[in-house]
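Here's the structure, in structure tokens; my notes come after.
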Amino acid sequence: MIMSLLVKSALSGVIVLAILLLARSNPRLAGWLTAMPLITAISLGWLWLDGNRSPVLTTYLTGVLIGVGQTALLLGTVLLRVKAGASLSDALLTGAAVWAVASFVIYQAKII
């Protein structure tokens, strides 16, 4: 079990590292790849290989779909703040606050 977790973590980390290295030469492509559902696909694969099927996978995917909206709010907020001249840390904190509020609303509405 521990070895399986280590292998999964290492393989997932390799993908993240590859995107970070690509960002040095082509940040737009790296951003596009980051937006691709690579982590979702990897997670689905790991869940499937661990023996999980329809109920777990559909519940997981529902959570992913709900999270896409919140992530869009976070990224949009960060983009607008950076374009307005805010520091990256300020933009990220503001984006995280927007994400947290959206998460609270979704949780209170019992959507997730």
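Structure data summary
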{"quantity": "Globularity ratio of segment 53-112, using Cα Rg and 2.2 N^0.38 Å", "calculated": "1.35"}
{"quantity": "In segment 1-108, the trypsin sites (Lys or Arg not before Pro) that fall in loop regions by DSSP, at most 10 other Cβ within 10 Å", "calculated": "R53"}
{"quantity": "Proxy reagent accessibility, fewest Cβ within 10 Å first, across L44, L29", "calculated": "L29, L44"}
{"quantity": "Of the DSSP H helices in the chain, those whose Cα atoms cover at least 18 Å axially and whose Kyte score averages 1.6 or more", "calculated": "2-25"}
{"quantity": "Debye log10 I(q)/I(0) at q = 0.11 Å⁻¹ for the chain, Cα point scatterers", "calculated": "-0.49"}
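None of the figures in this text is laboratory data; all of them are computed from the coordinates on show. All figures in this text were calculated on a predicted structure; none of them were measured in a lab. Cβ atoms come from the backbone with ideal geometry, glycine included; neighbour counts cover every protein chain shown.
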